[in-house]
Structures are given as structure tokens and as C-alpha cells.
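The values are calculated or read from the model by the stated rules, or taken from the named source; none is laboratory data. As the structure is a computational prediction, the values presented were derived from the model and not from experiment. Glycine also receives a Cβ, built like all others from the backbone with ideal geometry; neighbour counts cover every protein chain displayed.
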Amino acid sequence: MLKILKILKIFLIICVITTSISAKEAGDKVRLQLKWFTSFQFAGYHMALEKGFYEDVGLNVEILQRDPSKNNIKQVLEGEAEYGVADSTILLYRANNKPVKILASIFQHSPLILIAKKSSNILSPYEMKGKIISFERDLDDAPIVAMLEFTGIREEDYIYKKLDLNYKEFIAGEVDVISSYISDQPYYFRKLGIEINIISPLSYGVDFYGDNLFTTQSEIDKHPLRVKNFTEASLKGWKYALENKEETIQVLIDKYGAKRSLEHLRFEAFNTQKMILADVVDIGYTSIERFRRIGDIYKNIGKISEEEKELALNALIYNPNNTENSNIYYLYLFFTLLGISIVVSTAFYLFNRHLKATVKMRTKELIEQQETVDKYVIMVETDKEGVITYVSSAFCFISGFDESELLNAKNSIVKHPDTPLSVYKSLWGAITHGKSWKGEIKNRRKDGSNYWLALNIDNVYDSDGITIGYRSIMQDVSDRKIAEELSITDALTKIYNRLYLDRILEIELQRSQRYQLALSIVLVDIDNFKMLNDVHGHQVGDIVLQEISAILQNNIRKSDTLGRWGGEEFLLVLSNTDKEAASILAEKIRHSIESHEFSVVHTQTGSFGVSSCQKDDTSDTLINRADKALYKAKASGKNIVMSQD
């Protein structure tokens with residue numbers, strides 16, 4: 001008994017020593033350098049300070065707002081702050097031998113976008129050649145650089161100008177395109193009455209991390225526990241801020257000098273939550289593979305070499321379990337484990353029954369958690385050939401198949417014919433090369449109905465690190481897809497509406513003129529439709545509209561676009577089609593309508609106006625010529641195809 005007491009006494013002394021060392025370290029004042037001014041973008045850090053999360057772990061934290069005259073990353077490197085916030089450009093600094101370390105990735109999607117005035121007609125990177133583009137180069141530019149690279153826009157193709165943080169140059173028309181944050185700047189320009197076009201890197205497959213919490217290698221080496229405490233308290237602050245947005249917004253205004261209005265901060269909070277994805281992944285989650293993509297971009301444009309990229313990736317993300325980070329950390333860990341081992345060994349007999357009961361309870365909880373995951377998480381695992389080896393109950397429910405029908409079946413069992421082959425090529429091209437794939441796919445249920453899933457697919461490895469299959473975690477996005485479809489669909493005919501036709505025509509016109517491709521349009525008008533409505537009623541007229549919509553759909557290619565232009569008029573947008581080919585197609589459709597046996601009337605005909613894209617056409621001039629051709633067709637006795645040069 002005396003021997004046990006002596007051992008316990010030694011253990012207590014060790015605990016006091018390690019706690020004293022930790023407390024001394026944690027008591028030091030530390031500074032966090034933000035990349036911008038107080039806003040919801042940094043709410044987690046402010047709430048960690050406000051709610052005492054930093055203080056709870058013995059930290060005295062000062063949050064520093066952005067000084068526009070300084071590089072906020074260099075401020076941390078030069079000792080003006082111990083911690084900072086930066087976008088994925090941080091990789092470039094590590095590749096250039098700057099000792100930065102990422103502690104947590106807060107924004108799973110970067111909110112960084114490019115903005116152009118709607119009056120500029122700049123809709124994509126392709127229109128930016130020769131334009132003045134303003135952003136923070138090598139500081140807050142990773143997704144922008146990647147998007148421009150993916151679309152073939154080189155540095156020499158545009159004029160770079162340093163970003164005016166007050167947007168005065170953009171408003172005055174001195175720059176054409178500026179970088180911005182989708183989480184708040186669109187609200188700002190909307191309030192100013194400035195109509196804008198948003199060019200998002202996400203639309204071009206560029207999906208990088210946004211704000212990353214980072215520090216230096218020196219801070220990790222000297223203060224490993226402080227780093228751990230600061231990171232955990234910051235993530236706790238972010239969790240609180242997202243769960244209590246209204247309280248957080250009021251605190252930002254009342255105590256931390258946020259200059260934005262209440263509604264502006266609410267707008268930012270809503271969009272910030274979408275960028276963080278706390279309901280999908282743990283706040284702060286970081287994947288090295290996503291940083292590998294930006295490393296490849298920087299390599300492709302000549303900023304770093306392959307060797308520099310790999311060295312940077314190996315050293316970029318802080319892992320507290322890596323021995324190179326800190327020998328002091330392991331000294332603390334050794335003492336802690338030693339003390340725990342002594343206590344457990346001396347008290348084992350007394351607590352044996354309690355431990356057995358705890359194990360039983362934890363096992364039950366684990367089983368319940370597994371059952372919950374199986375019930376609510378849509379998940380599928382396959383082997384390397386795509387044969388299903390595991391499905392969750394949630395996937396069985398949404399697909400309509402029983403588990404027995406899915407196991408050992410190919411994953412193509414739910415494949416929908418509408419999903420383009422290019423999607424599957426992209427998917428398999430990524431995962432067969434050890435990369436993750438993220439996207440949306442339309443599937444078909446057992447009963448033939450459709451549903452949409454947002455997928456995240458990763459490789460499954462064996463103990464030797466060899467790929468043995470693939471795991472897909474999915475989210476049902478059918479409701480959102482239905483809403484998107486409804487917003488661009490004519491309610492009566494179920495084809496595209498005027499809003500969508502305007503958008504597609506503008507895109508196809510610009511593509512035609514940029515690449516010198518043929519483009520034609522066909523305006524279709526149902527003959528004598530007013531008389532039809534007057535004699536037979538609007539219900540009969542609606543049925544005729546629906547049947548003619550079906551005839552048009554059955555006679556066009558997948559690459560063509562069909563929509564209801566208005567009333568009894570339809571518009572066909574025919575890509576890669578000259579006027580002669582468009583006229584032939586129109587004649588074919590005219591004959592199909594004339595010979596069709598309608599369900600509610602004896603016969604029906606249509607008149608057609610055709611025009612083709614010319615060098616300096618706008619959508620208005622192209623439509624005007626088709627309209628004139630249609631007018632000639634009507635004046636010539638109807639049920640005829642006419643064209644206009």
C-alpha cells in the first residue's frame with residue numbers, strides 16, 4: 001500500500017510539472033492577423049474571443065484587422081502576428097521556402113469570384129482577353145489563377161492591376177473585372193444599383209479551399225500546446241458562430257466594429273455557412289489532394305517546379321502526430337501516458353467491473369451510431385470494376401432497390417440515360433488515378449423515376465496503400481434540381497422558357513463568333529392560333545401547344561435548344577448549323593406538323609422564319625431577321641418556311 005502511495009505521489013508531481021509548463025506557455029499573448037476587416041467571414045475567431053473559449057485554455061488573443069498597405073501573410077512570417085488567415089495561395093509561399101503551416105481549412109469552398117458589370121457583356125473568362133483584371137496577386141488569387149489557366153487565359157492575355165479594396169476604380173469603369181467574395185460583395189453592388197455578372201471558378205471545375213488558419217513552423221516548434229489550444233478554441237468558436245448567427249452578428253456590430261448593415265451581415269452569414277459545409281464535414285477539415293490540384297496549376301504556369309510542389313505539399317499541413325513538429329509535444333505526451341499507465345495499473349482491480357460496464361455501454365452506442373449512419377447516410381462502396389460491395393439502407397431507400405438486388409450488381413444498375421458520357425469519363429478518370437471526384441449525377445430508381453445525387457467519391461485502400469475499391473458519400477439534391485428545372489421550364493409545354501432561351505442564345509452567339517462556327521435560329525408560329533382559341537377554347541389551344549412542342553422535340557438534335565418564345569411562338573437555337581441546313585430542318589418540321597393527327601382538332605399548320613449568325617450580330621439583330629422572315633411566311637399564305645439574310 002505504501003508503495004502504491006509513493007507511485008501516486010510521483011505521478012502527481014509529474015502532472016503538476018507538465019501542467020505548470022503548459023500553463024506558462026498558454027498564458028502568453030498571441031495575435032491573429034485577419035485577411036480583411038471585421039465581418040462574418042471571421043466570425044468564429046471573434047466568438048471564440050467573446051465566449052471565452054480562448055481564455056478557457058489560457059490564451060490571451062488579440063485579433064488584428066487587415067492593413068491594406070501590408071501583405072497579411074508576410075506579417076505572420078515577419079513576427080507581427082503568430083497566426084493568420086489566408087486562401088490556398090499559401091501553398092505558393094511554402095513552395096518558395098516560407099515556413100507556413102496550415103492548421104485548419106475553414107471554408108471548404110472558396111468564396112472568391114470575379115465580377116464584371118452586366119453592361120460589359122463579360123460572361124466568362126473567354127471575354128477577358130485584353131481586359132483590365134484586378135485582384136490580389138500571390139495573396140488571394142488561387143481559384144482565379146486556376147480558372148484562367150483551365151480556360152486558356154494566360155497572363156499576357158489580359159492587363160493586371162492591383163485590387164482597389166474600395167472598388168472605386170471598378171465603379172468608375174477604370175477596370176473591367178475585379179475579384180470579390182460571393183459571400184458579401186454581390187449584396188454591396190446590388191445596394192448601389194450596379195448590375196453585375198458573376199464569373200465563379202466553381203462553374204469551371206475549380207474547387208479550392210477558402211480561408212485557411214495558418215501559423216509558422218517556429219510557432220509549432222516552440223509552442224506545440226499553444227498551437228493545439230488555439231486551433232481547437234478557434235474551431236469551437238466557428239461552431240458556435242454558425243449555430244448562433246443572429247447573436248454573432250449583433251456581437252460583431254456592437255463590440256468588434258463591423259461596418260456592414262444588419263441585413264448585409266445576414267446575407268454574408270447565410271453564404272458563409274454554405275462555404276464552410278459544417279453539416280457535411282468537420283469544421284477545419286483539410287485534404288492534401290485538393291492542395292495538390294493548385295500545386296499542379298502553379299507548376300503549369302511556371303511559378304514552381306515539380307520538386308518544389310512536392311516538397312511544399314509534404315510540409316504544408318500541420319499534423320500534431322508528426323515527430324518533426326515538436327519533440328516537446330512528445331515529452332508532454334510521454335509524461336501523460338506514463339501517469340495514466342500507473343493509475344490504470346494500480347486501480348485496475350477496483351475499477352474492473354466499472355470498465356466492463358463502460359465497454360458494454362460504449363459498444364451499444366457504437367452499434368446505435370452505425371445503425372444511424374446506415375439509415376441516414378447515402379453511401380455505396382464498389383470494387384475497382386464498379387461492382388457494388390456495400391450499400392447503406394439510405395441508398396436502398398432512395399433507389400428503390402433491395403440490398404440483395406444491389407450487392408454484386410454493377411453500379412450502372414441506377415445509371416440514367418440522360419447523364420452525359422463525359423460525366424462518367426471525368427469520374428473514372430479521376431478515381432482511377434487516385435484522386436477524389438465531386439459532382440452531381442442523375443440516377444434512375446427501380447420504378448423508372450428520376451433522382452439527383454451530389455457525390456463525393458474517394459479511393460478505398462488496403463493496409464499496403466493499394467486501391468481496392470471506391471467509396472461514394474452522397475446527398476439527395478433532387479428538390480434543388482427540380483427547383484432549378486422549374487425556373488427555366490415553361491409550365492404548360494415542359495420545354496425551356498423565354499428566360500432560358502435568352503441566356504442560351506447569348507452564349508451560343510458568343511461561341512459562334514469567337515470560334516467562327518455556324519449558328520442558326522428558327523422562329524415557329526402556329527397558324528391561326530387566335531381563331532383556334534376563339535372557336536374551340538383555350539383548353540384546346542393548350543393541348544395543341546403541347547402536341548406541337550412534342551413534334552418539335554422529336555425532330556431536333558440533342559445539341560439543339562428548343563423553347564417557348566411566347567404565346568404560340570417557339571424558338572429553335574441550332575448550334576453548328578448553317579442557314580441551308582436550318583431551312584431543311586424547318587421544312588421537315590413543317591411537314592410533320594401538317595401531317596400530324598391532332599387529338600383535339602382536325603389539322604394544324606405552322607409558319608417558320610430562319611436566320612443565321614453573321615459577323616457583327618447581336619441576339620437582337622439575329623432575332624429581328626428571323627422575325628422578318630416569319631412575317632414574310634405569314635404574308636405569303638402561311639404554312640411555309642422563309643429565311644432572311
Could you tell me whether K425 is more than 21 Å from I468 (Cβ to Cβ) and among the charged types (D, E, K, R)? yes
Just to be sure before I move on: is F214 touching a strand residue (DSSP E or B) at 6+ places or on another chain (Cβ under 6 Å) and assigned by TED's automatic domain parsing to the domain that holds G84 in the structure I sent? yes
Can you give me the ranges of the helices (runs of 4 or more DSSP H) entirely in the range 134-250 with at least 1 residues that are at pLDDT 90 or above, surrounded by fewer than 19 Cβ atoms within 10 Å (Cβ to Cβ) and not small (G, A, S)? 168-171, 217-222, 224-243
The lone exception for N300 - which of (1) at pLDDT below 85; (2) out of contact with any helix residue (DSSP H, G or I) (no Cβ under 9 Å at 6 or more places or on another chain) it fails: (2)
Would you call R445 closer than 30 Å to D578 by Cβ and either of a type in the set (K, R) or out of contact with any Leu (no Cβ under 9 Å at 6 or more places or on another chain) (or both)? no
Taking the range 440-455 and the residues there that are surrounded by fewer than 15 Cβ atoms within 10 Å (Cβ to Cβ) and touching a strand residue (DSSP E or B) at 6+ places or on another chain (Cβ under 7 Å), the one that is farthest from E485 (Cα to Cα) would be R445
Would you point out the residue of the range 456-494, among those that are of a type in the set (G, A, S) and out of contact with any helix residue (DSSP H, G or I) (no Cβ under 9 Å at 6 or more places or on another chain), that is modelled with the lowest pLDDT? A483
If I ask for residues that are free of Cβ contacts under 8 Å to residues at least 24 places away in the same chain and assigned to a helix (DSSP H, G or I), which ones from the range 531-540 would you list? M531, N533, D534, V535, H538, Q539
